[in-house]
Amino acid sequence: MNFDLTKEQQMIRDEVRKFAKKEIGPQSEEMEETGDYPYESLDKMGELGLMGIPFPEEYGGTGGDWVGMHICIEEISRFDVTMGTLLDVTTSVVGQELYEFGTEEQKQKWLIPIAKGEKIGAFALTEPDSGSDAGALASTAVLKGDNYILNGTKQFITNIGLDNASISIIAAKLENGKIATFIVPKDAPGFSLSKRYKKMAWTASATHEIVLSDCIIPRDNLLGDPERGLAQHLAVLETGRISIAAVAVGLAQGAFDEALKYSMGRKQFGKKIFDFQAIQFKLSDMAVSIELARNQYLKAAWLKDQGRDHRFEAAAAKLYASEMAEKVCSDALQIHGGYGYMTECPVSRYYKGAKLLQIVEGTSEVQRLVIGRMLGGKKR
Ligand SMILES: Cc1cc2nc3c(=O)[nH]c(=O)nc-3n(C[C@H](O)[C@H](O)[C@H](O)COP(=O)(O)OP(=O)(O)OC[C@H]3O[C@@H](n4cnc5c(N)ncnc54)[C@H](O)[C@@H]3O)c2cc1C
């Protein structure tokens with residue numbers, strides 16, 4: 001067994017950490033306050049090749065691996081969770097679905113700009129009456145001549161409101177009742193966004209409802225097997241689970257860093273609060289749980305790179321890391337006392353941001369369901 005990162009993976013970690021600290025960290029508070037996206041930083045992420053780490057160079061990527069991609073997601077999320085999640089949705093989910101299931105033409109047209117960071121993609125599965133029960137979706141796709149006509153509503157769609165969002169990958173039911181996935185350009189006739197949601201955190205991620213009203217897309221935009229669209233979606237969401245775990249670890253690490261620093265500077269009863277055992281024990285528990293979650297997402301990503309089954313490991317990483325992040329952020333806030341509750345204190349932002357990680361890309365309950373099924377005989 002070898003726990004060492006490769007030279008390339010170490011390089012990604014060190015370079016992205018430096019970049020995120022200098023470029024992303026200083027903008028995070030303003031971003032959350034105004035909800036404005038830092039497009040220039042996104043361009044820089046593209047120039048550094050961060051959006052295409054796991055894809056081959058011929059498709060605009062850098063020919064790296066999923067371990068490297070997830071280290072990058074952790075390092076960005078340490079300074080801003082919205083930017084970290086953009087990598088999850090655009091690269092791990094949308095980019096991967098195009099790469100794994102797209103035709104050569106689709107890859108040339110849609111994957112390359114995404115892998116280079118020139119455009120970003122959204123993933124639209126959730127509907128008003130179909131959340132955890134994704135198979136119950138009601139959107140429809142009817143083939144008419146050379147076009148598909150899509151109708152339906154997708155809710156809570158991350159990043160689709162950003163100026164450089166070019167496409168959504170949308171799941172819809174065919175006339176035969178099977179679910180297929182489609183590449184739907186944002187400028188397709190009949191595609192529109194309703195009002196931007198107001199969220200308790202992650203304000204810059206421009207989340208909207210998508211309305212498909214006789215939306216016309218060429219039949220060439222069908223992605224992959226028309227009868228296995230949901231299976232394709234769920235397969236890439238397995239990687240999404242690893243990515244959300246990496247986001248959670250980054251967020252928790254950011255909160256821990258702040259708490260450790262504060263505990264060394266803040267004095268009460270004539271000594272640093274770090275010297276109180278109650279505070280030190282809290283920090284020890286935080287450090288241990290972050291490291292365990294990190295090891296779990298790295299293991300899941302490594303298994304993926306080996307082409308091995310990682311369903312259990314990905315669900316376990318997502319479940320453990322997202323629940324860990326909420327607890328660590330709460331403890332980090334507690335260590336800051338009253339100051340932790342002030343919006344100017346970064347941990348107040350981290351605390352609010354942590355909750356969402358237990359909901360997106362499969363709730364904690366759904367992860368337990370997936371794990372439970374495997375315990376019941378499907379695996380292990
Ligand atoms: C900010 C934000 C961004 C999002 N971005 C996207 C996006 O980009 N694309 C996208 O497609 N979706 C997105 N979502 C949707 C997200 O994936 C769903 O909210 C999530 O899957 C849960 O679905 P739901 O909200 O309909 O809850 P429901 O499925 O209605 O669940 C409600 C509660 O019941 C529990 N529950 C449901 N079924 C079971 C069961 N069988 N056993 C036990 N408990 C169960 C759930 O865990 C939850 O606690 C986003 C959501 C938010 C809040």
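Reported count of residues in region 169-183, each being within 15 Å of the ligand (Cβ to nearest atom) and either in contact with a Pro (Cβ under 6 Å, 6 or more places away or on another chain) or without any contact (Cβ under 8 Å) to a residue 60 or more places away in the chain (or both), is 4. Considering every residue within region 292-309, establish whether at least one is within 16 Å of the ligand (Cβ to nearest atom) and either within 22 Å of the chain's Cα centre (by Cα) or crowded, with 23+ Cβ neighbours inside 10 Å (or both). No: region 292-309 contains no residue that is within 16 Å of the ligand (Cβ to nearest atom) and either within 22 Å of the chain's Cα centre (by Cα) or crowded, with 23+ Cβ neighbours inside 10 Å (or both). When region 111-126 is limited to residues that are of a type outside the set (Val, Ile, Thr) and in contact with a strand residue (DSSP E or B) (Cβ under 6 Å, 6 or more places away or on another chain), the one that is farthest from the ligand (Cβ to nearest atom) turns out to be LYS119. Restricting GLY240, GLY254, GLY250, GLY229 to those that are surrounded by 14 or more Cβ atoms within 10 Å (Cβ to Cβ), at pLDDT 95 or above and within 26 Å of ASP133 (Cα to Cα) reduces the list to GLY240.
Quick check: anything in region 97-109 among the acidic types (Asp, Glu) and buried (at least 22 other Cβ atoms within 10 Å of the Cβ)? Working first, answer last.
Of the residues in region 97-109, the ones among the acidic types (Asp, Glu) are 97, 100, 104-105.
Now drop any that are not buried (at least 22 other Cβ atoms within 10 Å of the Cβ), which leaves 97.
Within region 97-109 (the criterion being among the acidic types (Asp, Glu) and buried (at least 22 other Cβ atoms within 10 Å of the Cβ)), the answer is yes, since at least one residue qualifies.
Sort out which residues of region 333-377 are part of a helix (DSSP H, G or I), away from the ligand (no atom under 16 Å from the Cβ) and farther than 30 Å from GLN155 by Cα, and write them in order of number. Within region 333-377, LEU333, GLN334, ILE335, GLY337, GLY338, TYR339, GLY340, TYR341, GLY377 qualify. Number of residues in region 78-110 that are farther than 14 Å from GLY52 by Cα, within 12 Å of the ligand (Cβ to nearest atom) and not polar (S, T, N, Q) equals 1. Filtering region 133-150 for residues that are in a strand (DSSP E or B), buried (at least 21 other Cβ atoms within 10 Å of the Cβ) and within 13 Å of the ligand (Cβ to nearest atom) leaves an empty set.
The values are calculated or read from the model by the stated rules, or taken from the named source; none is laboratory data. Bear in mind that the values here come from a model prediction, so they are computed numbers and not experimental data. Glycine gets a Cβ as well: all are built from the backbone with ideal geometry, and neighbour counts include every protein chain shown.
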